[in-house]
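Chemist: Structure incoming, see below.
The values are calculated or read from the model by the stated rules, or taken from the named source; none is laboratory data. Every value quoted in this text rests on a predicted model; they were computed, and no experiment measured them. Surface areas here come from the heavy atoms of the whole protein model, side chains and all, with no ligands, DNA or RNA. Shrake-Rupley method; radii C 1.70, N 1.55, O 1.52, S 1.80 Å.
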Amino acid sequence: MTAPIETTRADAQPEAVLEGAGGKEIEGRSLGRIAWTRFKRDKAAVAGGIVVVLLILTAVLSKPIQSLLGLDPNAFNQGLVDPVMLAPKGDFGGISWDHPLGVEPQTGRDIFARILEGSWVSLVVAVGSTLLSVVIGVVMGVVAGFYGGWVDSFISRLMDTFLAFPLLLFAISISASLQGEAFGMEGLTLRIAVLVFVIGFFSWPYIGRIVRAQTLSLREREFVEAARSLGARGPFILFRELLPNLIAPILVYATLLIPTNILFEASLSFLGVGIAPPQASWGGMLTQAVELYEVDPMFMVIPGMAIFITVLAFNLLGDGLRDALDPRGK
């Protein structure tokens, strides 16, 4: 007598699901969730991301914070400064409950208020110039890498030409010549627009080369050939197939480019061709501190630390994103 043949139910779970992972169902994870899991394991990157978020919130809310705390970055407090030595009264640059970061020598202006006021200027210039360079660099890099031939040769030589410019000297000359009123703008608006244009327009070849190299690799992949076989044309392949696969390197490079642009803006302000006083900027504060650091060293340390912490936080965030989105590069 033959044994009964066991029938398999259509809704039965696979053996790997029943026995694997302690009997629990194995849950699929998207690429974004996997990247987020990797990112959370990097404590330095998480700390950098938290600092970046706090800096952005501080810059966005700098005006309301000043109004709420009754701070005025341009208010002179001569009573807080020694009239003979021109140094702030008290220890460590006049640090107190009313002035947690002290006051400026000579003028007595609150340094905390000026750091807050300068934060949004630095971030607006850095983020604006980064967006401009990313847009130009991505478009030129994708077009050069995808079409190749004379288009690639022309764009590559154009990149070489821009990279040959002495950017700092060029930025100094343009920023110094475009003062007062130009293009229907004046004052602080003109200064910020000029800095965003100069820094962003002459920095796009760096990301353009990265995107071009990635595009040269991606255009030979199977999914691009499949799109071509289905009759897809160049613009469709560029925007629907290639660009989504370039998001990770673009995002990583943008986060690493922002701190570079912060330092560039601070350098131009330090040289006197960036943000003009009385508008506060971190580079401008360092310029004033050069003449007064012997009287009050804290006047140089505080804006220098603000730049250092901001640049370090963005770099840690960028490194963490690079490792999370591309673990092979770690």
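Chemist: For the chain, state the average projected area of the convex hull of the C-alpha atoms over all orientations, rounded to one decimal in nm². All intermediate terms of the calculation are to be shown ahead of the outcome.
Modeler: Numbers: hull surface 111.2 nm².
Reported value for the Cα convex hull: 27.8 nm².
Chemist: Right, next: Calculate one ³J(HN,Hα) per residue across segment 71-87 by plugging θ = phi - 60° into the Karplus curve 6.51 cos²θ - 1.76 cosθ + 1.60, and present them in order as whole Hz with x for glycine and proline.
Modeler: Karplus values, whole Hz, x for Gly and Pro: 9, 9, x, 10, 7, 7, 10, 5, x, 8, 10, 5, x, 8, 7, 6, 9.
Chemist: So what is the 222 nm mean residue ellipticity for the chain from helices alone, if each DSSP H run of at least 4 adds -39500 (n - 2.57) and you divide by all residues, rounding to the nearest 500 deg cm²/dmol?
Modeler: On the way: 13 runs with 206 residues, N = 330.
Rounded to the nearest 500, the figure is -20500 deg cm²/dmol.
Chemist: Sticking with this structure for a sec: Starting from the amide H of Val81, placed 1.01 Å from N in the peptide plane, find each other amide H under 5 Å away whose residue is 5 or more places distant or on another chain.
Modeler: Lys89
Chemist: To one decimal place, what orientation-averaged projected area in nm² is obtained for the convex hull of the Cα set of segment 46-87? Present the calculation step by step, with values, prior to reporting the outcome.
Modeler: Working: hull surface 18.5 nm².
Average projection, Cα convex hull of segment 46-87: 4.6 nm².
Chemist: Then there's this: Could you state the principal axis extents of the C-alpha atoms in segment 248-330, from the largest down, to the nearest angstrom?
Modeler: Taking the Cα atoms of segment 248-330, the three principal extents are 51, 23, 15 Å.
Chemist: Next question. Would you kindly derive the ³J(HN,Hα) couplings of segment 165-174 from the backbone phi angles with the Karplus curve 6.51 cos²θ - 1.76 cosθ + 1.60 (θ = phi - 60°), listing them in order in whole Hz, with x for Gly and Pro?
Modeler: Working through the residues one at a time gives 5, x, 4, 5, 5, 5, 5, 5, 5, 5 Hz.
Chemist: Could you identify which residue out of Val60, Val211, Val194 has the top mean-square fluctuation in a GNM of the chain using Cα springs shorter than 10 Å?
Modeler: Val60
Chemist: Right, another one. Restricting things to alpha carbons, find the Rg to Rh ratio for segment 256-299 using the Kirkwood radius for Rh.
Modeler: On the way: Rg = 11.2 Å, Rh = 10.8 Å.
Radius of gyration relative to Kirkwood radius: 1.04.
Chemist: In addition: So with the 1.4 Å probe, I'd like the accessible area per residue for the chain, rounded to whole Å². Before the final figure, lay out the partial values.
Modeler: Details: 18710 Å² over 330 residues.
With all protein chains present, the chain gives 57 Å² per residue.
Chemist: Over the Cα atoms of segment 211-283, Rg to Rh with Kirkwood Rh, two decimal places?
Modeler: Numbers: Rg = 20.2 Å, Rh = 15.3 Å.
Dividing the radius of gyration by the Kirkwood radius yields 1.32.
Chemist: Just to be sure I understand: with springs between alpha-carbon atoms less than 10 Å apart, which residue in Ser122, Ser269, Ser217 has the highest mean-square fluctuation in the Gaussian network model of the chain?
Modeler: Judging by the Gaussian network model, the answer is Ser217.
Chemist: Still on this structure, I have one more. Out of Gly32, Gly208, Gly94, any idea which swings most in a Gaussian network model of the chain, alpha carbons joined below 10 Å?
Modeler: Judging by the Gaussian network model, the answer is Gly32.
Chemist: Then there's this: Please list, ordered by chain and number, the residues whose modelled amide H lies under 5 Å from the amide H of Met185; skip anything fewer than 5 residues away on the same chain.
Modeler: none
Chemist: Let me ask something else about it. Whenever you get a sec, compute what percent of the accessible area on the chain sits on carbon and sulfur atoms (1.4 Å probe).
Modeler: Working: 12180 of 18710 Å².
Carbon with sulfur: 65 percent of the solvent-accessible area.
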